[in-house]
Amino acid sequence: METTRLRFERLCEDTVSIRTLFTHLARGENIEEETKYVLWAPHFSLHDTQSLLEQADEHWRDGEAANYIVRPRPGEDGAGELAGKTELAIDWHRRAGELAVFLRKPFWGRGYADECFHALSELAFTQLDLEVVEAECAVANDRSRRAIEKFIEAHGGEYAGVLRNWRIPDGGEPLDSHHFSITQEQYLTQK
């Protein structure tokens, strides 16, 4: 998939080496800040990264999730670099998808999260015929909340409120989360 400024490649060993992905998810001067609100811990070994790739492949095969790595396209600062990863997790029983975006700090503030939300929502609504797309973020994560609100409001979606003790990060305490949603009809009407 591509947007105006981003290229999305399926998260698998054919598109990114284990070592490259490990470095992206484990190291860097800002890794603690970058992963402060995500539900996974920075990777400590290649085994962690191998497990992530295996899980992404299994979810892809089973139709449970579409995971992508994100790279800026030519003309963008950092073109071709691994900027982050994004996911559309699918709940077929509810006909719903959940959006998730992780970007490294050098790629923050560029509006890339919004492009990820658009690309995955387009996939969810036009290719998979899902009825609802949801996004959430930790209550303390103001940056993500602003990005999600911008996207949801632009498409007539709704803020559901705070869900208490909704998510538990790896090895952490339960987190309260802001929850947002948009329906297929809202998205296609505002497209």
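Assess whether Tyr159 counts as being open to solvent by 30 Å² or more (accessible area, probe 1.4 Å) and not aliphatic (A, V, I, L, M).
Here the answer is yes, as Tyr159 does meet what is asked.
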Q: For Ile182, state whether it is within 18 Å of the chain's Cα centre (by Cα), open to solvent by less than 80 Å² (accessible area, probe 1.4 Å) and not basic (Lys, Arg).
A: yes
Q) If you scan segment 1-45, which residues turn out to be open to solvent by 20 Å² or more (accessible area, probe 1.4 Å), closer than 26 Å to Phe117 by Cβ and either of a type in the set (Phe, Trp, Tyr) or more than 19 Å from the chain's Cα centre (by Cα) (or both)? A) Asp14, Gly28, Tyr37, Trp40
Q: Report, by residue number, each residue of segment 124-154 that is surrounded by fewer than 19 Cβ atoms within 10 Å (Cβ to Cβ), in contact with a Lys or Arg (Cβ under 9 Å, 6 or more places away or on another chain) and more than 18 Å from Ile90 (Cα to Cα).
A: Val139, Ala140, Asn141
Q: Residues being touching a residue at least 12 places away in the same chain (Cβ under 8 Å) and either over 16 Å from the mean Cα position of the chain (by Cα) or assigned to a loop (DSSP other than H, G, I, E, B) (or both): count how many of those fall in segment 46-56.
A: 4
Q.
Looking only at segment 66-88, count every residue that is surrounded by 21 or more Cβ atoms within 10 Å (Cβ to Cβ) and in a loop (DSSP other than H, G, I, E, B) and tell me the total.
A. 1
Q | Spans of strands (runs of 3 or more DSSP E) in segment 90-175 with at least 1 residues over 15 Å from the mean Cα position of the chain (by Cα), more than 16 Å from Gln190 (Cα to Cα) and β-branched (Val, Ile, Thr) | A | 158-167
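The values are calculated or read from the model by the stated rules, or taken from the named source; none is laboratory data. Keep in mind that what you see is a predicted model, and the values were worked out from it rather than measured. Positions of Cβ are backbone-derived with ideal geometry, glycine not excepted, and every protein chain shown enters the neighbour counts. Please note that ligands, DNA and RNA were not included when accessible areas were found on the heavy atoms of the full protein model with its side chains. Shrake-Rupley method; radii C 1.70, N 1.55, O 1.52, S 1.80 Å.
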